[in-house]
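For reference, the structure is listed below as structure tokens.
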Amino acid sequence: MTREEALITLSNGNSHARFTAMRALERLALDTDIQTLLKIKAAETDLILIRRIERLITGLGNSRPTETFEIDPTPPEVRKKLRAEAIEWVAGLLLHEIGSKLGLLASTVSKELLNYADSDTKRRIEHLQDTFDGIEELKKATSVPKPVEMDLPTLVSDLVELEATDKEIEISLVGRTPLIIFCDRGLLKLALCNGIKNAIEASLSIANAERKASVVVSWGQTDIDNWISVIDNGPGLPSNVTHSFTLGETSKPGHLGFGLGIANQAIETLHGTVELRNSGSDGAVFKLRWSLNA
């Protein structure tokens, strides 16, 4: 049984076939199979198989090579500032030298190439344009905050409505209304929109007649910071989520790997943190915390 056959059998085979497939995957599975295994685990009903799948996912996550670094005496806040300045400079250079010319390239090729609308050339140019859109968002995430007075629940509601339009999903909004905060609206949107989008996608990825897709977005304020939490009922996360915040790292086909990196940079610019973890039951939690005066 090949690795691909084992993944298919583990998804829809009978009890005996699924255990046979599990034995094969314990030998053949790759760390790129983690997302698929998480979805299979969410749909599995046999507790023994669920535990074996969990052990396999943990093993695959731990098998990824870990990088070693020399101790850096530079204070963390200085490193963050230098990193943000470097990102802004490089992103600005790329957008100026290359990004601004992509539109002209697309326009010229569309006139010169027959059947451009259905061509691979068009799809590749669009993919490149998506990449530069991500770079532009990343540059925005490093900009100096410009705080304004705003209602946090209204911002959350607007972003949820934008991402959930035409999708079969139940979204609950929980928190004090109104809640007036002082914050940079653009940076907060950059930090939050990817978390909401990912939660919706995760919940829908394993939804069926018995398991309805749902997301809960809640918010609040303490004496030192503001917070927003996004909880989904999707397949959950692999054991090692550190790579999720690395720019260009993604396990999702068709994704560029910018989303969580941009969210992390934006919330750091607001003097805050982003947390991504599995929830107590099924699904994952995406949580933002940032300074009251960001």
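Please treat every number below as a calculation from the coordinates, not as lab data. Worth saying up front: this structure is predicted, and the values here are computed from it rather than measured. Here the Cβ positions follow ideal geometry from the backbone for every residue, glycine too, while neighbour counts run over all protein chains shown.
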Across 5 Å bins from the origin, how do the percents of Cα pairs in the range 94-183 run, short distances first? 2, 10, 13, 12, 13, 13, 13, 10, 8, 4, 1, 0
List the pair-distance distribution P(r) of the range 148-291, using every Cα-Cα distance, as the percent of pairs falling in each 10 Å bin from 0 up to the bin containing the longest distance, rounded to whole percents. 12, 43, 36, 9, 0
With label points built 7 Å along Cα→Cβ from the Cα atoms of T177 and D133, find their separation and express it in nm. 3.0
Using amide H atoms built in the peptide plane, which far-off residues or other-chain residues are under 5 Å from G234 H to H? S203, G283, A284
Taking the range 178-229, the whole-percent share of alpha-carbon pairs separated by over 15 angstrom is 59
Hey, can you grab everything whose amide H is under 5 Å from the amide H of I169? Only 5+ residues off in sequence or another chain; H modelled, so Pro and N-termini drop out. none
Estimated FRET transfer efficiency (T32, D282; beta-carbon r; R0 25 Å; 0.05): 0.65
Report, to two decimal places, the Cα Rg of the range 3-63 normalised by 2.2 N^0.38 Å (N = number of residues). 0.96
What ³J(HN,Hα) values, in whole Hz, does the Karplus curve 6.51 cos²θ - 1.76 cosθ + 1.60 give for the range 266-272 when θ = phi - 60°, with x put for Gly and Pro? 4, 6, 5, 5, 8, 6, x
Residue span M1 to K146: 0.36 nm per residue of separation minus Cα-Cα distance leaves a gain in nm of 46.4 nm
Where a Cα-Cα gap under 26 Å defines reach, which lysines qualify for K287, not counting those fewer than 8 residues away within the same chain? K39, K41, K80, K81, K139, K140, K146, K167, K189, K197, K212, K252
